[in-house]
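In what follows, a structure is listed as structure tokens, so that the remarks can point back to it.
The values are calculated or read from the model by the stated rules, or taken from the named source; none is laboratory data. Note that the structure is a prediction, hence the values are computed from the model and not measured. Quick reminder, even Gly has a Cβ in these numbers, built from the backbone with ideal geometry, and neighbours come from all protein chains shown. Accessible surface areas use protein heavy atoms only, side chains included; no ligands, DNA or RNA. Shrake-Rupley method; radii C 1.70, N 1.55, O 1.52, S 1.80 Å.
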Amino acid sequence: MSFWICATCAVEHAEQVEVCAICADERQWVPADGQQWTTLEELAAAGYRVKVKEVEPDLYGVTSEPGAGIGQQSMLVRTSEGNLLWDPIGYLDDDAVQAVRELGDVAAVIASHPHMFGVQVEWSRRLGGVPVYVSEADASWIARPDPVIQTWSGTLDLLPGVTLIQPGGHFPGSAVVHWAAGADGKGVILAGDTIFANPDRTSVSFMRSYPNRIPLSGAVVDRVAKSLDVFEYDRLYGNFGGSIPVDARQVVRFSADRHAAWARGDYDHLT
Ligand SMILES: [Zn+2]
């Protein structure tokens, strides 16, 4: 056994510590019965399996059943120059690696923010030691350091038509990916929960903490929305299977303005 997985958030750790720092942070939670650690072997024995499904042409969702940790959906984007594995899940096995490899060579593994680190180093190792990019601003959350990890900040041209952007907000390094060829060439944003795709499919949210409901200021939300202004996109995918199927650019702008207006008190008469 070479590493440990936090049973609550499914982020890999080189060593067991008293409590997972990601879970102990005000944005997450430690379960009432305390810190629990697990391993890939234990999860496999418990019946965990990985599912890969097409979301749209050249975009695949990768999930585990049951959901490891907080149960995110990874996204695999295919390009002619290699693929991107985004928000890697906290579980893998031989079948999962084979299914991902069958879709083409992975060129990079990237999480939108530390809650989505999953077993990112393990994915890299099993996919040939490809780079794992971690935002410089969030590098202190890395619990399994490894030479495959490279830090970045600002904007990174990853692959043809695939750009990594750092709007921040939820975490200082919170990132999104712009994929120009997505949505039939109208453009896609893979938002993680830097921008959260709401269940109504026509609005998004921006929070410091989603489970503990800690808000961001109107100014920060405006900055996050503005950071995407230079990109054309029509669709947005969140990290838990939610999406804004159409008009996502307008939805992000409208939702940021609505957030700022509520935070400012414009609608206090409705409360
Ligand atoms: Zn944790």
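Identify, among 44, 8, 31, the residue whose Cα sits farthest towards the positive end of the charge dipole of segment 1-54, taking +1 on the Cβ of Lys and Arg and -1 on the Cβ of Asp and Glu, with the dipole about the Cα centre.
In segment 1-54, that residue is 44.
Taking 8 Å as the Cα distance limit and 6 or more residues as the minimum spacing, I'd like the relative contact order of segment 4-270 as a percentage.
Answer for segment 4-270 is 14 percent.
Residue separation times 0.36 nm, minus the C-alpha to C-alpha distance between residue 105 and residue 53: what's the value?
17.0 nm
So how far apart, in nm, are the two label points at residue 198 and residue 257 if each is 7 Å from Cα heading toward Cβ?
1.5
Compute a Gaussian network model of the chain, connecting alpha carbons closer than 10 Å, and tell me which residue from 181, 137, 45 fluctuates the most.
Of the options given, 45 has the highest mean-square fluctuation.
Which one, 185, 263, 143, projects farthest toward the positive side of the charge dipole computed for the chain from Cβ point charges (K/R +1, D/E -1)?
263
Tell me, what is the 1.4 Å probe accessible area of residue 270, in Å² to the nearest 10?
Here the residue's solvent-accessible area equals roughly 110 Å².
If you rank 159, 164 by how much accessible surface each has, with a 1.4 Å probe, what is the order from largest down?
Putting 159, 164 in descending order of accessible area: 159, 164.
Under a Cβ-only charge scheme (Lys and Arg +1, Asp and Glu -1), can you give me the dipole magnitude of the chain about the Cα centre, in debye to the nearest 20?
Dipole of the chain, to the nearest 20 debye: 540 debye.
Just for the Cα atoms in segment 128-227, what are the lengths along the principal axes, largest first, rounded to whole Å?
For segment 128-227, the Cα extents along the three principal axes come out at 40, 36, 22 Å.
Per-residue accessible area for residue 200 at 1.4 Å probe radius, Å² rounded to 10?
70
According to the Cα gyration tensor, what semi-axes, each the square root of 5 times an eigenvalue, does the equivalent ellipsoid of the chain have, listed from largest to smallest in whole Å? Don't jump to the answer; show the numbers that get you there.
Details: eigenvalues 164, 105, 53 Å².
So the three semi-axes of the chain are 29, 23, 16 Å.
Roughly speaking, what is the stretch gain from residue 231 to residue 209, that is 0.36 nm per residue apart minus the C-alpha to C-alpha distance, in nm to one decimal?
Going from the current span to full extension adds 5.3 nm.
Report the paramagnetic label zone for residue 184: residues of segment 227-265 whose backbone N is under 14 Å from a point 7 Å from Cα along the Cα-to-Cβ axis.
234-235, 245-247
Report the label-to-label distance for residue 153 and residue 45 in nanometres (one decimal), using points 7 Å from each Cα along the Cα→Cβ vector.
4.4
Give the percent of DSSP beta bridges with both residues in the chain that are antiparallel, rounded to the nearest 5.
75
Once the piece of chain linking residue 36 and residue 24 is laid out straight, how much longer is it, given 0.36 nm per residue of separation minus the C-alpha distance between them?
3.1 nm
So what is the 222 nm mean residue ellipticity for the chain from helices alone, if each DSSP H run of at least 4 adds -39500 (n - 2.57) and you divide by all residues, rounding to the nearest 500 deg cm²/dmol?
Working: 6 runs with 52 residues, N = 271.
Roughly -5500 deg cm²/dmol at 222 nm, from the helical runs in the chain.
What is the distance in Å between the Cα centres of segment 97-130 and segment 192-207?
Using only Cα atoms, the two centres lie 25 Å from each other.
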